[in-house]
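Structure record follows, encoded as structure tokens.
The values are calculated or read from the model by the stated rules, or taken from the named source; none is laboratory data. A quick note: this is a predicted structure, and the numbers were derived from the prediction, not measured. Using ideal geometry, Cβ is built from the backbone for each residue, glycine included, and neighbour counts are taken over all protein chains shown.
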Amino acid sequence: MTFKMKSLFIMIPILVVVSLIFTFDSIKTEKEIIRSEIIKRAETVTTLATKTGELPILSGNPELLKSTVSFLRANSEVSSVDFYNSKMELLVHDGLPISKSLPALNPDSPISMAEVEDSFVFYAPVFTVKTKENFDFFLETDSVKVRENIGWIRLGFSKSSMRENERKIVSRGLLLAVIFAMGSSALVYFLISLATRPLGNIVKVANDIAHGDFSQEIESEHQDEIGTLAKAFCAMKSSIRQVLHETNGIILAVQNGDLKTRGNAEDFEGDWKELVIGVNNLTDAFAKANEELHEAKLNLERRVEERTVELVLANSDLQEEITERKRVKEMQAKLEQELRQAQKMEAIGTLAAGIAHDFNNLLTGILGFTQLAMRKAPAGDPMQCDLERIYESGMRAADLVKQILTFSRQSEQKLRAVQIVPIVMEVLKLLRSSLPTTISICQDISIPADGGVILADPTQIHQVLLNLATNASHAMQTHGGVLSIAVSELEADALFVSTHPGLKAGSYVRLTVDDDGHGMNAAVMERIFDPYFTTKAVGDGTGMGLAVVQGIIKSLGGTIMVYSELGRGTSFQIFLPRFSGAIIHELQITEPLPGGNERILLVDDEQPLTELGREMLESLGYRVSITTSSADALDIFRARPWEIDLVITDMTMPGLTGKELAREVIAIRPDIPIILCSGLSTKSSATDAREAGIREFIMKPYVLSSLAAAIRRVLAGNGAY
């Protein structure tokens with residue numbers, strides 16, 4: 001590369017960099033000026049808005065507010081307008097959406113500004129001036145007037161005009177930078193060309209000399225460094241011409257040798273002879289070095305090939321090891337997550353079982369005393385109706401406890417044929433009394449009350465409907481809306497099944513729960529049935545509701561489907577297989593109950609339950625002895641084992657448990673019939689009781705009819721689990 005080109009390559013980038021630095025600094029300064037001007041204009045508009053918004057906010061007139069908003073939106077830079085009352089409740093909004101979250105605002109600060117991606121957001125308080133009460137009108141001064149904060153205004157100012165001006169500034173700046181760089185480069189090129197022209201002549205003569213032409217002369221009239229260089233070059237040219245002439249023979253010998261041909265030193269004398277000898281020695285050295293270099297090259301290529309093969313094999317083994325470690329790590333993380341989930345569910349199950357046990361003890365007392373009151377109340381007494389409702393609610397609570405036990409895997413789920421319409425009507429009645437007035441309920445039941453038979457647990461269907469209705473009400477709690485619940489029967493043919501994945505052909509009862517709330521997007525819909533997934537705030541939900549609903553529907557052989565759009569609401573459709581068998585109705589509690597006059601020993605560590613049991617059994621004609629201690633019960637039985645005809649004991653008691661007490665009693669009298677009661681039913685509990693010689697195992701809460709029937713079966717020798 002020539003000196004001229006090197007100079008250009010150095011100077012032109014320097015000029016371009018200087019031009020760009022100056023341009024970028026100018027652009028930055030002009031941008032700051034534009035930004036400052038827009039903020040000043042925005043503050044002026046915001047101040048005007050606080051004045052024009054005083055009367056609309058004070059009057060509370062929506063039309064006046066909208067008129068004020070339209071006036072402000074007439075400014076092309078205003079992208080959004082929001083008015084709030086003094087409680088920061090939104091009164092009106094117009095324009096582009098802005099984040100609903102508000103910063104901490106202080107009425108003493110006149111204007112606050114925040115900046116988002118596309119706009120500036122200004123917040124300002126709106127004040128009104130009021131006159132203090134009980135003041136002298138003729139002495140009115142500013143001291144009797146007070147400013148009251150009646151609301152807030154939030155204005156969004158678009159950055160579009162600022163960005164348009166910034167683009168113009170950048171374009172103009174870059175154009176000027178290019179013009180400056182091109183002009184400066186042309187000037188530098190001219191100056192460098194002017195300075196290097198004599199050097200070009202010297203280079204031309206040097207090239208001619210390199211090709212053997214010594215005829216060219218350098219003409220230079222300069223008296224500066226270039227002239228001195230030209231004179232020195234001319235002297236060097238004369239010396240080279242003389243040396244070449246004297247050493248022509250040596251050069252021809254070397255050229256003929258071609259690194260292998262040796263020159264004849266005897267043809268030369270003096271220093272030239274020594275020079276030829278040196279050239280010959282150098283030729284030998286080059287030949288030997290060339291052979292060694294060729295051999296070294298071959299050895300190096302062989303070692304490189306061997307090492308390459310080793311590295312390829314090592315890399316393959318390393319990749320396999322990395323892949324295996326990654327797979328093991330992912331599997332370990334998955335197993336750890338599953339273990340944590342299993343431990344969490346086990347803890348929930350243990351807690352649920354303990355709660356269910358305590359609830360069953362409480363419900364035993366509630367249901368038992370309610371039944372006794374129902375038996376004592378005269379026929380036709382209004383109290384009889386109230387007691388029946390208490391009894392029904394207690395039975396519903398008992399069913400809910402069974403669901404808790406089923407969820408915790410402490411109890412087996414029992415399904416029966418039920419009519420779905422009465423359950424839906426019961427849920428609708430409950431919803432009408434619990435939902436806010438802003439949410440209206442619409443029902444569409446297109447099947448008779450005795451239709452719509454499914455194989456299910458009524459409490460589970462009750463739970464499913466309540467859960468879906470609760471979620472729908474949450475979606476409409478801000479603006480209200482309509483909650484629609486529909487029940488219908490359908491025959492799913494091949495065409496219907498093809499448009500409803502997961503559904504099989506057959507007869508179904510369809511439950512539909514619709515709302516016109518805020519709706520969901522596709523990403524949320526994909527995860528709504530995942531355990532612990534929720535879009536509600538912390539403390540408003542656990543994320544288990546829809547997961548439990550889906551689990552119940554699948555356990556019944558059904559399918560649940562959801563459709564939703566943002567801003568248009570959500571629709572859940574549940575398809576449950578229709579049951580064609582007969583419905584077995586439970587016995588009414590008013591049927592005659594079997595009784596007797598046998599002596600019964602009743603043991604329970606809960607004092608209210610022993611009192612209840614005695615009253616229930618005595619109402620059936622039995623003679624009853626009660627105790628709250630299993631140790632005392634064992635002492636009573638030892639004292640008179642042949643006077644007691646039956647022992648009824650609780651399962652969980654301090655000291656001796658029910659099974660341990662049963663073993664001690666049977667050891668004294670092997671033929672004694674025993675009934676074991678428990679608030680926690682499992683297969684293992686019933687098996688252990690049967691192995692211990694216990695005749696009957698009944699689940700709390702028991703009612704008078706089930707207790708009376710169990711006693712007669714045991715006394716008759718027909719105990720069954």
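Worth a mention:
- Taking the criterion of being assigned to a helix (DSSP H, G or I) and either over 18 Å from VAL714 (Cβ atoms) or basic (Lys, Arg) (or both), the residues of segment 619-645 that qualify are SER619, SER630, ALA631, ASP632, LEU634, ASP635, ILE636, ARG638, ALA639.
- Only residues that are β-branched (Val, Ile, Thr) and within 16 Å of CYS442 (Cα to Cα) were counted in segment 478-525, giving 5.
- Unique match (being in contact with an Asp or Glu (Cβ under 8 Å, 6 or more places away or on another chain), small (Gly, Ala, Ser) and surrounded by fewer than 17 Cβ atoms within 10 Å (Cβ to Cβ)) among SER79, SER86, SER36, SER70: SER70
- Segment 506-529 residues that are on the phi > 0 side of the Ramachandran plot, paired with ones that are basic (Lys, Arg) and assigned to a loop (DSSP other than H, G, I, E, B) (beta carbon under 8 Å, 6 or more apart): GLY519/ARG568
- Checking each residue in segment 114-131 for being surrounded by 15 or more Cβ atoms within 10 Å (Cβ to Cβ) and in contact (Cβ under 8 Å) with a residue 60 or more places away in the chain picks out PHE120, PHE122, ALA124, PRO125, VAL126, PHE127.
- Some residue of segment 254-274 being in a helix (DSSP H, G or I) and either at pLDDT 75 or above or assigned by TED's automatic domain parsing to the domain that holds THR652 (or both): no
- Flag for MET651 being over 19 Å from ILE694 (Cβ atoms), surrounded by 14 or more Cβ atoms within 10 Å (Cβ to Cβ) and at pLDDT below 90: no
- Pairs with Cβ under 6 Å, 6+ apart, first in segment 489-504 and in the same structural domain as SER446 (by TED's automatic domain parsing), second assigned to a loop (DSSP other than H, G, I, E, B): GLU489/ILE447; ALA492/LEU503; ALA492/ALA505; VAL497/LEU503; VAL497/ALA505
- Single unsatisfied condition, SER143 versus (1) assigned by TED's automatic domain parsing to the domain that holds LEU15; (2) modelled with pLDDT of 75 or more: (2)
- Scan of segment 103-115 for residues that are at pLDDT below 80 and under 18 Å from LYS87 (Cα atoms), ordered by number: PRO103, ALA104, LEU105, ASN106, PRO107, ASP108, SER109, PRO110
- The listed residue being within 21 Å of ASP118 (Cβ to Cβ), under 37 Å from the mean Cα position of the chain (by Cα) and not basic (Lys, Arg), out of VAL81, VAL92: VAL81
- Among the residues of segment 606-662, those that are without any contact (Cβ under 8 Å) to a residue 60 or more places away in the chain and hydroxyl-bearing (Ser, Thr, Tyr) comprise THR610, SER625, THR627, THR628, SER629, SER630, THR649, THR657.
- Any hit, segment 58-72, residues being in contact with a strand residue (DSSP E or B) (Cβ under 7 Å, 6 or more places away or on another chain), in the same structural domain as VAL129 (by TED's automatic domain parsing), of a type in the set (Phe, Trp, Tyr) and at negative phi: no
- Considering (1) over 15 Å from SER571 (Cα atoms); (2) crowded, with 16+ Cβ neighbours inside 10 Å, the lone condition that SER440 does not fulfil carries the number (2).
- If you check ILE574, ILE553, ILE589, ILE584 for being modelled with pLDDT of 90 or more and either outside any helix (DSSP H, G or I) or within 30 Å of ARG389 (Cβ to Cβ) (or both), only one passes: ILE574.
- SER36 part of a helix (DSSP H, G or I), at pLDDT 85 or above and of a type in the set (Ser, Thr, Tyr): yes
- Screening segment 413-478 for strands (runs of 3 or more DSSP E) wholly inside it with 3 or more residues that are not aliphatic (A, V, I, L, M) returns the ranges 439-445.
- Residues of segment 397-417 classified as surrounded by fewer than 17 Cβ atoms within 10 Å (Cβ to Cβ) and at pLDDT 75 or above, total: 3
Residue by residue, here is whether (1) assigned to a strand (DSSP E or B); (2) in the same structural domain as PHE83 (by TED's automatic domain parsing); (3) modelled with pLDDT of 70 or more holds:
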site: GLU117; (1), (2), (3): no, yes, yes
site: PHE120; (1), (2), (3): yes, yes, yes
site: THR128; (1), (2), (3): yes, yes, yes
site: GLU148; (1), (2), (3): yes, yes, yes
site: PHE157; (1), (2), (3): yes, yes, yes
site: LEU175; (1), (2), (3): no, no, yes
site: MET182; (1), (2), (3): no, no, yes
site: PHE190; (1), (2), (3): no, no, yes
site: VAL205; (1), (2), (3): no, no, yes
